[in-house]
Amino acid sequence: MSLLVRGANQVVSPIGDRARRGSEISFLETIPRGVVRCEDGLVVFVGTEEDHQRRFAPADEVLDADGGCVLPGFVDPHTHPVWAGSREDEFDRRLRGETYMEIARSGGGINATVRATRDASSEELLTGTLRRLDQFLLHGTTTIEAKSGYGLDLETEVRMLEVIHRADAVHPVDLHPTCLAAHEVPAEHRDHPEIWVRRLIDEIHPEIARRGLAEAVDVFCEEGVFDLEQTRRLLADAPGYGWKIHLHADELTPLGGAELAVELGALSADHLMCVTPAGIAALAASDTVAVLLPGTSFFLRSAYAPARELVDAGCAVALATDCNPGSSPTESMPAILALACLGMGLGLAEALTAATLNAAAAIGRAHELGSLEEGKRADLIVLGAPTYHHLVYHYGVNPVQHVVKAGKVVVQNGQRSHR
Ligand code: NIG
Ligand code: FE
């Protein structure tokens with residue numbers, strides 16, 4: 001099965017099979033009036049229409065980009081897409097002055113979503129997740145990392161990860177499951193958090209590993225949640241389970257999470273709103289990707305991560321939504337790009353690389369995703385605008401017109417197709 005995407009004003013993509021850093025993050029290959037040919041789920045040609053005609057027979061199917069801009073599909077390397085209920089009441093309390101942590105300590109926050117998620121059936125969780133995946137896809141995201149973490153008991157953490165696997169099997173968006181059972185201390189263990197840490201290490205992580213439900217593990221390393229020493233113990237068995245490591249690091253306080261992520265050889269250190277100069281230096285000297293989540297800063301009305309310093313220091317910087325019901329309820333990478341540029345000071349080309357190739361590197365997939373090159377997965381989007389600048393310039397609307405996932409048109413004219 002072959003598909004030719006033609007009629008574009010331009011095809012634009014970062015190039016390479018690893019994260020781009022420093023000044024290289026803004027290098028994009030631009031092919032005016034370029035075409036992309038997909039075969040059996042992979043990109044087999046990116047170039048001019050004339051070259052394509054010389055080398056290939058007509059394709060089985062043609063998608064007319066109609067003067068739009070063709071880009072790689074977004075990779076979202078940090079999401080919490082499985083939950084029940086919603087927290088708009090807390091949002092209103094925060095608007096009137098309470099902080100995220102004050103609300104969490106008064107029984108709201110993550111534990112409020114945990115109560116709703118434990119009470120929901122797996123079918124209800126799956127339905128909600130698929131609804132969110134449709135939004136991811138309509139906004140141009142073709143691959144996400146997906147965390148558990150609203151169960152905080154073995155049964156519900158397992159159910160969440162099973163829902164992630166079931167959603168991956170039936171929905172075009174690819175999901176990469178991460179065990180985040182260490183997302184918070186559940187209410188029943190609040191008085192003795194060490195008992196919860198031991199249960200995670202001795203029962204919950206081993207059982208999830210035994211069932212093969214996760215490819216990575218994450219911990220919310222934060223004052224009042226899991227400190228550095230607990231986080232180190234929680235992650236000690238990860239290599240033995242074959243799990244990659246992501247870390248919620250230096251989000252609300254400068255604990256040294258970035259340095260710990262580097263020390264442990266983590267794929268990514270995420271959030272980093274409070275990262276210290278030592279943390280930036282450690283990241284710059286490592287392969288750990290700095291995953292920035294400007295939607296969370298925007299939604300919590302807190303400081304942005306020092307994106308400029310991180311890029312200029314030579315760190316591998318990626319962007320993600322952090323899609324979750326408490327601190328960033330959005331599936332939209334275009335919204336995140338707008339905040340990355342207008343809130344954190346990234347340039348457009350930097351933000352695009354951070355949301356595609358570098359985001360793929362943050363989940364260990366830069367060799368197969370994140371750019372439009374021969375041999376990579378045929379995941380691409382067509383904007384209803386002539387250049388990629390319109391992604392941010394025309395802000396607050398969805399610029400994504402068509403989406404191709406693994407060589408199939410799955411969104412056409414802003415609507416889901418091929419159900
Ligand atoms: O990434 N930091 C911890 N976890 C989420 C928030 C989850 C929630 O509030 O439900 C985050 O911001
Ligand atoms: Fe998060």
For the chain, the accessible surface attributable to carbon and sulfur atoms (probe 1.4 angstrom, ligands and nucleic acids excluded) amounts in percent to 51
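What's the extension gain from residue 50 to residue 195 if we count 0.36 nm per residue and subtract their Cα-Cα distance? The partial results should precede the final answer.
Numbers: separation 145, 0.36 × 145 = 52.20 nm, distance 6.62 nm.
Between residue 50 and residue 195, full extension yields an extra 45.6 nm.
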Restricted to Cα positions, what overall size does region 273-321 have along the principal axes? Three whole-Å values, descending.
31, 19, 14
Any lysines whose Cα falls less than 20 Å from that of residue 244, other than same-chain ones fewer than 8 residues away, would be 147
Find which of 44, 78, 91 sits farthest along the positive direction of the dipole of region 33-152, computed with +1 on the beta-carbon of Lys and Arg, -1 on that of Asp and Glu, about the Cα centre.
91
On the full set of protein chains, 1.4 Å probe, figure out the accessible area of residue 218 and give it in Å² to the nearest 10.
0
So how far apart, in nm, are the two label points at residue 210 and residue 417 if each is 7 Å from Cα heading toward Cβ?
4.7
The lysines whose Cα lies under 19 Å from the Cα of residue 376, excluding any fewer than 8 residues away in the same chain, are 405, 408
In region 1-102, how does Rg compare with the Kirkwood Rh, expressed as the Rg/Rh ratio over alpha carbon atoms?
1.22
Rounded to whole Å and ordered largest first, report the semi-axes of the equivalent ellipsoid of the chain derived from its Cα gyration tensor (root of 5λ).
35, 22, 20
To the nearest 10 degrees, how steeply does helix 154-170 sit against the main Cα axis of the chain, on a 0 to 90 scale?
10
Here, residue 101 and residue 88, labelled 7 Å along Cα→Cβ, have an inter-label distance in nm of 2.9
Heavy-atom surface of the chain, accessible at 1.4 Å and reported per residue (Å²)
37
Over the chain, what is the relative contact order in percent, taking alpha-carbon pairs closer than 8 angstrom and at least six residues apart?
22
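The values are calculated or read from the model by the stated rules, or taken from the named source; none is laboratory data. Everything numeric here is computed off the predicted structure, so don't read it as measured data. Glycine also receives a Cβ, built like all others from the backbone with ideal geometry; neighbour counts cover every protein chain displayed. Surface accessibility is based on the protein's heavy atoms, side chains included, excluding ligands, DNA and RNA. Shrake-Rupley method; radii C 1.70, N 1.55, O 1.52, S 1.80 Å.
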